[in-house]
Amino acid sequence: MNAAEKITKNLQDVQAAIYSACQRAGRNEKDVTLMAVTKYAADEDVLALLNTGKVRHIGESRVQQAFTRWTTPSFAKYNTVKHFIGHLQRNKAAQAAKLFDFIDSIDDIRTAQALEEHAKALAKKLYVLVQIKLTDRETQSGVALTDAPRLLEQLKQLPYLCPCGYMAIAPQTDDPQTLRPLFKAVKTAFDRDFPLSLPQRYLSLGMSADFEVAVEEGSTLPRVGSKLFA
């Protein structure tokens, strides 16, 4: 099995796991969109994934690296939806606004205001997700779940930003009983704050280690990297 075949097999396995999680939870698998986290993957592996034609949403966390990759002809020809999923520094806001369709990690109104300024200059609507902090790690970005509605209301005042969901990173554990109440709490807040009438709404929970539990608990945009590219 060559590298491209391995990635195709990995994708099939992830898709099957999402389908099974939806079945267990009584959900329609069409309500779940897989995001491929490409930030650590080799270029040839990302191209192999894109060549399957089955993944459009991609996640990157380093602005300059992503800009270099996705503006080259071999990558730019693909019709992708680009998400920035890392901590965004304000001095990178201009480049991020130009490259990405979504900024999934908003936790600071000043960064959002910088994005608004650059999006306005580009005459571009930029979709944003508020990042929720679910861990006690000081290095982890995000706002407390109780503070998210206030930040959301501030974002709604910025005409070129379209807040459309919540993103959260769970603690590093493989214990579903630890994860479920955390995911449930974010899902409850998401349903309260983002009505079904919105044209786009995303609840981004779950990574390679915990995406099945996250999908069972309502995630619509799991972020999977190592399970695809390992």
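The values are calculated or read from the model by the stated rules, or taken from the named source; none is laboratory data. Note that the structure is a prediction, hence the values are computed from the model and not measured. Counting neighbours? That spans all protein chains shown, and the Cβs are built from the backbone with ideal geometry, glycine included.
Sort out which residues of the stretch 36-86 are within 21 Å of Q15 (Cβ to Cβ) and of a type in the set (A, V, I, L, M, F, W, C), and write them in order of number.
Scanning the stretch 36-86 gives A36, V37, A41, V46, L47, A48, L49, L50, V55, I58, V81, I85.
Taking the stated definitions as given, is A119 of a type in the set (A, V, I, L, M), assigned to a helix (DSSP H, G or I), closer than 15 Å to C162 by Cα and touching a Phe, Trp or Tyr at 6+ places or on another chain (Cβ under 7 Å)?
Details: of a type in the set (A, V, I, L, M): yes; assigned to a helix (DSSP H, G or I): yes; closer than 15 Å to C162 by Cα: yes; touching a Phe, Trp or Tyr at 6+ places or on another chain (Cβ under 7 Å): yes.
Spelling it out, A119 is indeed of a type in the set (A, V, I, L, M), assigned to a helix (DSSP H, G or I), closer than 15 Å to C162 by Cα and touching a Phe, Trp or Tyr at 6+ places or on another chain (Cβ under 7 Å).
Name every residue in the stretch 1-37 that is outside any helix (DSSP H, G or I) and exposed (fewer than 12 other Cβ atoms within 10 Å of the Cβ), in order of residue number. It would help to see each step written out before you state the result.
Just the residues of the stretch 1-37 that are outside any helix (DSSP H, G or I), to begin with: 1-2, 26-28, 32-37.
M1, N2, G26, N28, listed by residue number.
I'd like to know if the stretch 47-67 contains one or more residues that are buried (at least 19 other Cβ atoms within 10 Å of the Cβ), more than 18 Å from the chain's Cα centre (by Cα) and farther than 16 Å from L126 by Cβ.
yes
So P149 passes all but one of these: (1) out of contact with any Phe, Trp or Tyr (no Cβ under 9 Å at 6 or more places or on another chain); (2) closer than 19 Å to Q172 by Cβ. Which condition number does it fail?
Unmet for P149, out of (1) out of contact with any Phe, Trp or Tyr (no Cβ under 9 Å at 6 or more places or on another chain); (2) closer than 19 Å to Q172 by Cβ: (2).
Just to be sure before I move on: is I103 over 23 Å from V213 (Cα atoms), in contact (Cβ under 8 Å) with a residue 24 or more places away in the chain, assigned to a strand (DSSP E or B) and of a type in the set (A, V, I, L, M, F, W, C) in the structure I sent? So that I can check it myself, show each step before the final result.
Numbers: over 23 Å from V213 (Cα atoms): yes; in contact (Cβ under 8 Å) with a residue 24 or more places away in the chain: yes; assigned to a strand (DSSP E or B): yes; of a type in the set (A, V, I, L, M, F, W, C): yes.
Spelling it out, I103 is indeed over 23 Å from V213 (Cα atoms), in contact (Cβ under 8 Å) with a residue 24 or more places away in the chain, assigned to a strand (DSSP E or B) and of a type in the set (A, V, I, L, M, F, W, C).
Does K125 satisfy being exposed (fewer than 14 other Cβ atoms within 10 Å of the Cβ), closer than 14 Å to F194 by Cα and at pLDDT 95 or above? Let's see the steps before the verdict.
Values: exposed (fewer than 14 other Cβ atoms within 10 Å of the Cβ): yes; closer than 14 Å to F194 by Cα: no; at pLDDT 95 or above: yes.
No.
Please go through (1) touching a Ser or Thr at 6+ places or on another chain (Cβ under 6 Å); (2) of a type in the set (A, V, I, L, M, F, W, C); (3) within 22 Å of A209 (Cα to Cα) for V55 and return the number of the only condition it doesn't satisfy.
(1)
Can you find, within the stretch 73-94, the residue that is farthest from the chain's Cα centre (by Cα) among those that are closer than 24 Å to Q140 by Cβ and not in a loop (DSSP other than H, G, I, E, B)? Walk me through it before giving the result.
Initial filter on the stretch 73-94 (closer than 24 Å to Q140 by Cβ): 82-93.
From what's left, not in a loop (DSSP other than H, G, I, E, B): 82-84, 90-93.
Numbers: K82: 9, H83: 6, F84: 7, R90: 19, N91: 21, K92: 18, A93: 17 Å.
Only one residue tops the list, namely N91.
Any idea how many residues of the stretch 156-186 are crowded, with 20+ Cβ neighbours inside 10 Å and touching a strand residue (DSSP E or B) at 6+ places or on another chain (Cβ under 7 Å)?
Of the residues in the stretch 156-186, 7 are crowded, with 20+ Cβ neighbours inside 10 Å and touching a strand residue (DSSP E or B) at 6+ places or on another chain (Cβ under 7 Å).
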